[in-house]
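*Asks:* Quick one: this structure, given as structure tokens, is what I'll be asking you about.
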Amino acid sequence: MNRPVEEWASLVPMEDDAPTAFLDVRDLRIHFPTDDGLVKSVDGLSFTLERGRTLGIVGESGSGKSVTSLGILGLHKGQHARISGQVWLDGEELVGASPEHVRRLRGKKMAMIFQDPLSAMHPFYKVGDQIVEAYRVHNEVSKKQARKHAIDMLGRVGIPQPSERVDDYPHQFSGGMRQRAMIAMALSCDPELLIADEPTTALDVTVQAQILDLVRELQSEFNSAVMVITHDLGVVAELADDILVMYAGKAVEQGSARELFTAAEHPYTWGLLSSMPRLDRDRQDRLVPIAGSPPSLINVPEGCAFHPRCRFCELSAPRSLTEVPVMTETSPGHRVACHLEPAERRRLWAEEVQPLL
Ligand SMILES: Nc1ncnc2c1ncn2[C@@H]1O[C@H](COP(=O)(O)OP(=O)(O)OP(=O)(O)O)[C@@H](O)[C@H]1O
Ligand code: SF4
Ligand SMILES: [Mg+2]
């Protein structure tokens, strides 16, 4: 029987769980056994990201942001980490893939701008040579062509006199220039997924703004999917389409950047928003930033991990003390993990939180 291909295809049952997003992270868990106990750095994280979009992952120090990004890149293998869940990138599952396969994808398909440029660059090799090496691993080109490409990339990220600076060592670059050089290295193979982990910490405000502009520019040119990881909501306000807020290895709120800045629903997100610097307002008129410090990931509090620090814990007790809240959709594309009723959360936001931000 002659049928058009589409018709044959429609006869094949669709797998329920076939990923449709470019990056689809499902129930990712990354735990590290240590002498003191099991560190649950990432504990059941799920999110998706499309090409051309930017996702901001936000949370205080130790919430599991870097472990998540290194996990997606397959960089925890061999570290005795216990990893489960799925990471689908462009239809390929990476948690179960061989380390060699994931290594081949790194650089070409996905790349990372690290928190500390010195940790990503070898101090004894010239900056240009390191970009050349990264480029030649994935592209069959001569050294001369690769060097030309490295100079081009250094120029594109705003390094002055790139044809001379290409022969400098990392320590001859300023902090901002090293960050740029690392971006050049990460982008040299046009990765489809770019993860930028705290791309601006330790940089002064002007350089921060330039780096953020650069990531934005390069993204629109390559249509890459970008994950920006930061503890600073101000950074993602500038860059991100969507935001995922992490607390103690879990997502607590997720939605469009617009939604999170205008109608956040999780008390922890409220705390982060109130910690953002504001030049137009006196400190005493504002909400108190989050009291206390993040929990140890070996002994995460029972129930809602945020409850010991939450101003609204009593309103959700006793559930918040015993039952882990799960991410639940509160409006299309906006999910929250909190036991308060959605109407109550919206009331608190409108009456008690937003007026003081
Ligand atoms: N290899 C490892 N072995 C044991 N614990 C680890 C390991 N790597 C990370 N951790 C722990 O996992 C937790 C999450 O770390 P992670 O680096 O992801 O935090 P982060 O959110 O990136 O914080 P920061 O904002 O400070 O960069 C921390 O408690 C950290 O000590
Ligand atoms: S569940 Fe309760 S303790 Fe946790 S964030 Fe919501 S209100 Fe606060
Ligand atoms: Mg980190």
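The values are calculated or read from the model by the stated rules, or taken from the named source; none is laboratory data. Everything numeric here is computed off the predicted structure, so don't read it as measured data. Cβ atoms come from the backbone with ideal geometry, glycine included; neighbour counts cover every protein chain shown.
*Asks:* Residue 299 fails exactly one of the following numbered conditions: (1) surrounded by fewer than 18 Cβ atoms within 10 Å (Cβ to Cβ); (2) more than 21 Å from the chain's Cα centre (by Cα); (3) away from ligand 1 (no atom under 16 Å from the Cβ); (4) at pLDDT 90 or above. What is the number of that condition?
*Replies:* Of everything listed in (1) surrounded by fewer than 18 Cβ atoms within 10 Å (Cβ to Cβ); (2) more than 21 Å from the chain's Cα centre (by Cα); (3) away from ligand 1 (no atom under 16 Å from the Cβ); (4) at pLDDT 90 or above, residue 299 misses just condition (3).
*Asks:* Given the criterion in contact with a helix residue (DSSP H, G or I) (Cβ under 8 Å, 6 or more places away or on another chain) and either of a type in the set (Ser, Thr, Tyr) or within 16 Å of ligand 2 (Cβ to nearest atom) (or both), identify the matching residue among 59, 74.
*Replies:* Only one candidate passes the filter, namely 59.
*Asks:* Among what's in segment 303-317 and is without any contact (Cβ under 8 Å) to a residue 12 or more places away in the chain and not small (Gly, Ala, Ser), pick the residue that is nearest to ligand 2 (Cβ to nearest atom).
*Replies:* Restricting to residues being without any contact (Cβ under 8 Å) to a residue 12 or more places away in the chain and not small (Gly, Ala, Ser), the top hit is 313.
*Asks:* Here is a list: 13, 4, 33. Which entry is within 16 Å of ligand 1 (Cβ to nearest atom), at negative phi and either at pLDDT 95 or above or surrounded by fewer than 19 Cβ atoms within 10 Å (Cβ to Cβ) (or both)?
*Replies:* Checking each option against the conditions leaves just 33.
*Asks:* So, one more: Checking the condition small (Gly, Ala, Ser), more than 23 Å from residue 198 (Cα to Cα) and surrounded by fewer than 21 Cβ atoms within 10 Å (Cβ to Cβ), which residue from 62, 91, 44 passes?
*Replies:* Every option except 91 fails the conditions.
*Asks:* If you check 150, 184, 196, 202, which single one turns out to be more than 16 Å from ligand 3 (Cβ to nearest atom) and either at positive phi or at pLDDT below 90 (or both)?
*Replies:* Exactly one of 150, 184, 196, 202 is more than 16 Å from ligand 3 (Cβ to nearest atom) and either at positive phi or at pLDDT below 90 (or both), namely 184.
*Asks:* Within segment 224-233, identify whether any single residue is out of contact with any His (no Cβ under 7 Å at 6 or more places or on another chain), at pLDDT below 85, closer than 25 Å to residue 160 by Cβ and away from ligand 2 (no atom under 16 Å from the Cβ), and answer yes or no.
*Replies:* No, every residue in segment 224-233 fails to be out of contact with any His (no Cβ under 7 Å at 6 or more places or on another chain), at pLDDT below 85, closer than 25 Å to residue 160 by Cβ and away from ligand 2 (no atom under 16 Å from the Cβ).
*Asks:* Also, I was wondering about something else. All but one of (1) touching a helix residue (DSSP H, G or I) at 6+ places or on another chain (Cβ under 8 Å); (2) away from ligand 1 (no atom under 16 Å from the Cβ); (3) farther than 16 Å from residue 137 by Cα hold for residue 87; state the number of the condition that does not hold.
*Replies:* Just one mismatch for residue 87, condition (2).
*Asks:* What number of residues within segment 97-116 satisfy the criterion of being touching a Leu at 6+ places or on another chain (Cβ under 9 Å) and either in a loop (DSSP other than H, G, I, E, B) or at pLDDT 95 or above (or both)?
*Replies:* 2
*Asks:* Among the residues of segment 133-180, count how many are part of a helix (DSSP H, G or I), more than 21 Å from residue 105 (Cα to Cα) and not hydroxyl-bearing (Ser, Thr, Tyr).
*Replies:* Within segment 133-180, residues that are part of a helix (DSSP H, G or I), more than 21 Å from residue 105 (Cα to Cα) and not hydroxyl-bearing (Ser, Thr, Tyr) number 22.
*Asks:* Run residue 130 past the list (1) surrounded by fewer than 17 Cβ atoms within 10 Å (Cβ to Cβ); (2) in contact (Cβ under 8 Å) with a residue 24 or more places away in the chain and report the number of the one that doesn't hold.
*Replies:* The failed condition is (1).
*Asks:* On the given criteria, is residue 293 of a type in the set (Ser, Thr, Tyr), modelled with pLDDT under 95 and either touching a Gly at 6+ places or on another chain (Cβ under 9 Å) or farther than 16 Å from residue 270 by Cβ (or both)?
*Replies:* yes
Okay, residues lined up against (1) within 16 Å of ligand 3 (Cβ to nearest atom); (2) buried (at least 23 other Cβ atoms within 10 Å of the Cβ); (3) part of a strand (DSSP E or B):
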position	(1), (2), (3)
218	no, no, no
221	no, no, no
227	yes, yes, yes
236	yes, yes, no
244	yes, yes, yes
255	no, yes, yes
